[in-house]
1. When the C-alpha atoms of the stretch 23-85 are aligned to their principal axes, what extent does each axis show, in angstrom, from largest down?
2. Per-residue accessible area for Leu15 at 1.4 Å probe radius, Å² rounded to 10?
3. Taking θ = phi - 60°, what integer Hz values does the Karplus form 6.51 cos²θ - 1.76 cosθ + 1.60 yield along the stretch 21-29, in sequence order, with x for Gly and Pro?
4. Ignoring ligands, DNA and RNA, what percent of the 1.4 Å accessible area of the chain is carbon and sulfur?
5. Could you order Met24, Met1 by accessible surface area, starting with the largest, using a probe radius of 1.4 Å?
6. Before I look further, what does the chain give for accessible area per residue, probe 1.4 Å, in whole square angstrom?
Amino acid sequence: MLPECQLFGTLGCHLCEQAEGLLMPFVESGLQVELIDIAEDEYRAERYGLRIPVLRRLDNGDELDWPFEAEQVASFLRQPGLSDC
């Protein structure tokens, strides 16, 4: 079972659009990804502003910073979550 994730980015970010496209095959296979616009929250803008896009797992809080490839995402999603320990 794939973990639920968040993708931190912002509108108009071409790298964020690339990351969304890269994640689409995973979404089609059942991955749930919530898109989070960091511009709507000062804390997130400060934390992620220079790192976006960032993929974050909800089960264990691990984050994968851009640039990432499909193989890296697959490995990231396979890592055990807190409930798998």
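The values are calculated or read from the model by the stated rules, or taken from the named source; none is laboratory data. Computed from a predicted model, the values in this text were never measured in an experiment. Accessible surface is based on the protein model in full, side chains and every heavy atom, while ligands, DNA and RNA are left aside. Shrake-Rupley method; radii C 1.70, N 1.55, O 1.52, S 1.80 Å.
1. Computed over the Cα atoms, the extents are 32, 26, 18 Å.
2. That residue has around 50 Å² of solvent-accessible surface.
3. Per residue, the Karplus-derived 3J(HN,Hα) values read x, 5, 7, 4, x, 5, 5, 5, 9 Hz.
4. Details: 2770 of 5460 Å².
Heavy-atom surface of the chain belonging to carbon and sulfur, 1.4 Å probe: 51 percent.
5. Details: Met24 90, Met1 230 Å².
Putting Met24, Met1 in descending order of accessible area: Met1, Met24.
6. On the way: 5460 Å² over 85 residues.
For the chain, the solvent-accessible area averages 64 Å² per residue.
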